[in-house]
Amino acid sequence: MIDLHIHTERCGHATGRMEQYVEAGRARGLEVMCFTDHLPMPEAYPQHYTMRPEEMPAYVGDVMAASTASRDSGGPEILLGIEADWLPDAFTEVERAIAAHPFDLVLGSVHFLGDWAFDDPDLVARYDAWQPDVLWERYFDEVANAAASGLYDVIAHPDLVKKFGSLPTVDPGPWYEQTALALAEAGCAVEVNTAGLRKPVREIYPALDLLKACRRRGVPATTGSDSHAPSEVGEGFDLARELLVEAGYDSVVCFRQRVATEVAL
Ligand SMILES: [Zn+2]
Ligand SMILES: [Zn+2]
């Protein structure tokens, strides 16, 4: 399988050197691995979730070197990706930062609602200020806006809002339809992300019903572990494959130079 969502210690909240991630992926028999560290955020935003802007060239160089070294060692194929926040007030800066490097893949992620990084365990108390249905509505509106922005190839962890178990009191179906439609219209893929299995919600992102809605609209899917440690590379991929099959998928897509190609499951 292919793991298109992997962090390294550069982001400041992951452990392990790049070679250790590659070794772990090789041991799991992955065909492709894409490193996707966090794109530095504009100065108005918190700086502790990402590498510093001046580190970007070294990150790109490290991935290129890892790619060559892995090819010489029989694989897996290593791709250069980035995970870029959806920051509606900083569209131009994010667009420019993405354009500055020859990425194979750009993941788009909604981690912020206003100034709140709602997936940060240190800020979990702020959930108390939200009625869950209002929170879900706001979150999925931002996912649709992120998809429509044209900045991203894939929307990562598309129902991240469930991470700490804040669940709606109403049927989330309409938000799933809205998300699938937004992805289809934008030509964006949906990520099946196994990190949720390691979080309080104990579920893959997205929920089966959201993935089914994507499938009905013809939205392609990718797989990613969102590894923050080498042992997490490719973790939970048997369950990811099961979920994809149950939703009706028989293939996923891989991105090279931001062009998708199909890979059988
Ligand atoms: Zn993320
Ligand atoms: Zn990530």
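Throughout, read-outs are computed from the coordinates displayed, never taken from laboratory work. The structure presented is a predicted model; accordingly, all values stated were derived computationally and were not measured. Cβ placement follows ideal geometry from the backbone for every residue including glycine, while neighbour counts extend to all protein chains displayed.
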* **the range 154-219: C-alpha gyration tensor shape, a/c 1.5 cut-off, then a/b vs b/c** => oblate
* Give me the lysines in straight-line cross-link reach of LYS199: C-alpha distance below 21 Å, same-chain residues under 8 apart excluded. => LYS162, LYS163
* If you take the charge dipole of the chain about its Cα centre, with +1 on Lys and Arg Cβ and -1 on Asp and Glu Cβ, which of VAL161, ALA229, LEU244 is farthest toward its positive end? -> LEU244
* To do: Before rounding to the nearest 500, sum -39500 (n - 2.57) across all DSSP H runs of length at least 4 in the chain and divide by the residue total; then give [θ] at 222 nm in deg cm²/dmol.
  => -10500 deg cm²/dmol
* What is the calculated FRET efficiency for ARG256 to GLN178, with r their C-beta to C-beta distance and R₀ = 30 Å, to the nearest 0.05? -> 0.50
* Structure fact -> With 0.36 nm assigned to each residue of separation and the Cα-Cα distance removed, LEU123 to PHE164 gains 13.7 nm
* Structure fact -> Binned at 10 Å starting from 0, the alpha-carbon pair-distance distribution of the chain in whole percents comes out as 7, 33, 39, 19, 2, 0
* Over all directions, average the projected area of the Cα convex hull of the range 135-265 and note it in nm². => 7.7
* Asked: Which value, in debye to the nearest 20, describes the size of the charge dipole of the chain about its Cα centre when Lys and Arg Cβ atoms bear +1, Asp and Glu Cβ atoms bear -1, and nothing else is charged?
  -> 420
* Asked: With each pseudo-label sitting 7 Å past Cα toward Cβ, what's the SER73-ARG26 distance in nm, one decimal?
  -> 0.3
* Structure fact -> Of the candidates VAL22, ALA147, GLY74, the farthest towards the positive dipole end of the chain (Lys/Arg Cβ +1, Asp/Glu Cβ -1, centred on the Cα centre) is GLY74
